[in-house]
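Written below as structure tokens is the structure these notes are about.
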Amino acid sequence: MNLQKNISLKNYNTFGIDVIADRFIEINSLADLKKITTSEKDIFLLSGGSNMLLTKSIDKLVIHLNLKGIIVNDTEKQSVFVTAEAGENWHEFVLWCISQNYGGLENLSLIPGNVGTAPIQNIGAYGVEIKDTFYQLEALEIVTGKIKIFTKEECDFGYRNSVFKNELKGKYIIINVTFKLTKNKHKTNISYGAIKTYLQNNPNPSIKDISDAVIAIRKSKLPDPKKIGNSGSFFKNPVIDKNLFKKLTKNHPNIPHYIVSENEIKVPAGWLIEQCGFKGKRFGDAGVHEKQALVLVNYGNATGKEIYQLAKKIQQTVKKEFNINLEIEVNII
Ligand code: EPU
């Protein structure tokens with residue numbers, strides 16, 4: 001294991017924020033992970049770095065988890081169990097599943113990050129969430145060094161949420177994730193408006209067609225983190241009560257929305273932010289993406305604090321204009 005000192009994390013987070021890690025170690029095997037966590041408990045885990053905003057230097061030991069490998073357990077007639085190690089790149093893993101004709105993850109194409117961090121925020125897009133195909137995961141408990149299996153129920157998945165963002169935050173390191181995918185009769189989901197429109201001339205799309213559609217739609221709206229630093233949706237879409245929603249429709253009869261329950265309506269944070277005039281705005285190198293106001297961007301040398309200040313300003317304005325609290329989805333470090 002090669003311990004490095006005082007290294008920049010700019011290339012290890014998709015926001016491209018330049019902060020220093022006092023100590024940094026690359027971990028390529030479970031044995032090394034066990035060894036390092038036996039002696040060092042105060043650690044900072046870095047995987048794909050796709051859901052964090054770094055606002056300060058890291059004085060804990062930074063562990064860059066690089067576990068790789070995919071194992072297939074093909075014993076059932078209709079389904080297949082596929083286990084991917086935490087350090088596998090999410091999108092490459094999705095493409096690999098599609099190449100094997102394993103269905104279920106195609107709507108989640110092109111999401112940045114790695115397999116191991118995907119369950120933490122129950123990644124989701126275009127009508128599908130990871131919980132829909134999730135079977136189980138294995139995680140190392142930092143304090144005891146023991147490996148525990150978590151079932152779907154134990155992960156307690158919610159909208160961009162899981163037990164690993166709440167009670168168990170910082171306590172476990174996810175080392176692999178198993179999905180139950182379809183082998184033949186794929187249960188595809190093309191209910192999401194943009195996908196339906198994209199595939200309107202294709203009544204029977206294959207999982208590859210759906211993945212291609214998702215990739216094209218994402219590319220048309222969302223910035224590529226390799227070109228413009230970002231962390232996807234910065235805020236969650238807020239759920240408001242139906243009385244507040246009714247009030248809003250007086251001035252905004254065409255407000256986009258999804259009904260969550262009898263009394264609860266979800267409204268897109270991107271729409272609220274756009275109405276407040278932030279879409280495409282730039283403050284130094286921190287900005288709001290021009291095609292999707294839910295995505296905050298780093299045009300080059302923004303600091304985490306500058307992006308965070310912009311986020312606060314957006315939250316205050318949305319609160320003032322709409323009386324809605326926007327919750328930050330990205331982990332602020
Ligand atoms: N909208 C605007 N202005 C904007 C952005 C959106 O008016 O700047 C409106 C759109 O016109 C549309 C509605 O808001 O009517 C929803 O927009 P979109 O379909 O782009 O989805 P979203 O609700 O903004 C969510 C997820 C995305 C995911 C898409 C597609 C959250 C926080 N975000 O965004 O997830 O890709 O749906 O399923 O739920 C991510 O988590 O990083 C992410 C990109």
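Rank Tyr172, Tyr159 by accessible area, highest first, at a 1.4 Å probe radius?
Details: Tyr172 40, Tyr159 70 Å².
Heavy-atom accessible area, descending, gives Tyr159, Tyr172.
In debye, nearest 20, what is the charge dipole magnitude of the chain about its Cα centre with +1 on Lys and Arg Cβ and -1 on Asp and Glu Cβ, if you could check?
Values: 44 positive and 34 negative charges, 165 e Å.
Its charge dipole is roughly 800 debye.
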For the chain, the charge dipole (Cβ of Lys, Arg +1; Cβ of Asp, Glu -1; about the Cα centre) points to a positive end, and the Cα of Thr182, Leu65, Ser231 closest to that extreme belongs to Ser231
Can you pull the percent of the chain's accessible area that's carbon plus sulfur, 1.4 Å probe, other chains left in place? 48
Whenever you get a sec, line up Thr317, Thr188, Thr197 from highest to lowest accessible area (probe 1.4 Å, protein heavy atoms). Thr197, Thr188, Thr317
Ranked by accessible surface with a 1.4 Å probe, highest first, in what order do Asp59, Asp22, Asp285 come? Asp59, Asp22, Asp285
Between Asn202 and Trp96, what is the label-to-label distance in nm when each label sits 7 Å out along the Cα-to-Cβ direction? 2.4
With just the Cα atoms of the chain, tell me how far they stretch along each of the three principal axes, in Å, largest first. 60, 51, 35
GNM of the chain, Cα pairs under 10 angstrom: of Phe164, Phe245, Phe93, the biggest fluctuation goes to Phe245
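Using Stokes-Einstein with the Kirkwood hydrodynamic radius over Cα pairs, what translational diffusion coefficient do you get for region 4-65 at 20 °C and a viscosity of 1.002 mPa s, in µm²/s rounded to a whole number? Please list the in-between numbers first.
On the way: Rh = 11.8 Å.
Rounded to a whole number, D works out at 181 µm²/s.
How many percent of all Cα-Cα pairs in region 229-332 sit more than 20 Å apart? Mind dumping the intermediate values first?
Numbers: 1933 of 5356 pairs.
Tail of P(r) above 20 Å: 36 percent of Cα pairs.
Might you report the magnitude of the Cβ-based charge dipole of region 211-258 about its Cα centre, with Lys and Arg at +1 and Asp and Glu at -1, to the nearest 20 debye?
Values: 10 positive and 3 negative charges, 30 e Å.
Rounded to the nearest 20 debye, it is 140 debye.
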What percent of all Cα-Cα pairs in region 1-150 falls in each 10 Å bin, counting up from 0? 10, 37, 34, 16, 3, 0
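Please tell me which of these pairs span more than 32 angstrom C-alpha to C-alpha: Lys41/Lys219; Lys196/Lys266; Lys41/Lys183; Lys35/Lys312; Lys34/Lys219? Can you show the working numbers first?
Working: Lys41/Lys219 40 Å; Lys196/Lys266 21 Å; Lys41/Lys183 41 Å; Lys35/Lys312 40 Å; Lys34/Lys219 39 Å.
From Lys41/Lys219; Lys196/Lys266; Lys41/Lys183; Lys35/Lys312; Lys34/Lys219, over 32 Å: Lys41/Lys219; Lys41/Lys183; Lys35/Lys312; Lys34/Lys219.
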Just how far, in whole angstrom, is region 29-43 from region 44-65 if you go by their alpha carbon centroids? 16
The size of the Cβ-based charge dipole (Lys, Arg +1; Asp, Glu -1) of region 135-225 about the Cα centre, to the nearest 20 debye, is 200
Which residue, chosen from Ser191, Asn263, Gln136, occupies the Cα position most advanced towards the positive end of the dipole of the chain, where the dipole is computed from +1 (Lys, Arg) and -1 (Asp, Glu) charges on Cβ about the Cα centre? Asn263
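Once fully extended, how much extra length lies between Ile255 and Phe283, figured as 0.36 nm per residue of separation less the alpha-carbon to alpha-carbon distance?
Numbers: separation 28, 0.36 × 28 = 10.08 nm, distance 2.73 nm.
7.3 nm is the gain from fully extending Ile255 to Phe283.
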Which whole DSSP H helices in the chain pass both tests: a Cα extent of 18 Å or more along the axis and a mean Kyte-Doolittle value no lower than -0.5? 207-221
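What is the percent of Cα-Cα separations in region 70-221 that go past 20 Å?
Details: 5492 of 11476 pairs.
More than 20 Å apart: 48 percent of the Cα pairs in region 70-221.
The values are calculated or read from the model by the stated rules, or taken from the named source; none is laboratory data. Fair warning: this is a prediction, and the values are worked out from it, not measured in the lab. Don't worry about glycine lacking a Cβ; one is built from the backbone with ideal geometry, like all the others, and counts go over all protein chains shown. Just so you know, the surface numbers come from the protein's heavy atoms only, side chains and all, with ligands and any DNA or RNA stripped out. Shrake-Rupley method; radii C 1.70, N 1.55, O 1.52, S 1.80 Å.
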